[in-house]
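Where a number appears in this text, it was derived from the coordinates with a stated rule and is not lab data. Given the structure is predicted, the values throughout are model-derived calculations rather than measurements. Please note: Cβ atoms are built from the backbone with ideal geometry, for glycine as well, and neighbour counts cover all protein chains shown.
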Amino acid sequence: MLSHFGDVRTLARRTKVELELATTKLVKGLTADPPQPQQKDKAAPAAPTALEAAKLWDLVPRFCRVHGLPLSKTFLQQLAAANDPFMFLFFAQSHQYPATFLLHIIED
């Protein structure tokens, strides 16, 4: 049983990391490249769109804010790497990421 604040913070940090890892696995394959045509007889699952990925990632920054943790930059880094400025700005604005935080991501 968690007996003091330190244990709760530690648990929240570990949960944040687990949320990031799980969500990353769910949206694996998010790229700016258009999907390649599949053979008709082999139905492979399609990679999620950026909007679908953003919906899956929605929980992570909310969790960080509720538990007073630093905001996650993993999804924004993926969007920047995929050269998707619209979704980058949409996600950043909808979760109220600070401008200086975003500049550090873009510069990296």
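Observations, loosely collected:
- Prolate/oblate/rounded label for region 49-108 (Cα gyration tensor, a/c 1.5): oblate
- Proximal charge balance of VAL8 [Cβ under 14 Å; K/R count +1, D/E count -1]: +3
- Dipole magnitude for region 49-108: about 240 debye, using +1 per Lys or Arg Cβ and -1 per Asp or Glu Cβ, origin at the Cα centre.
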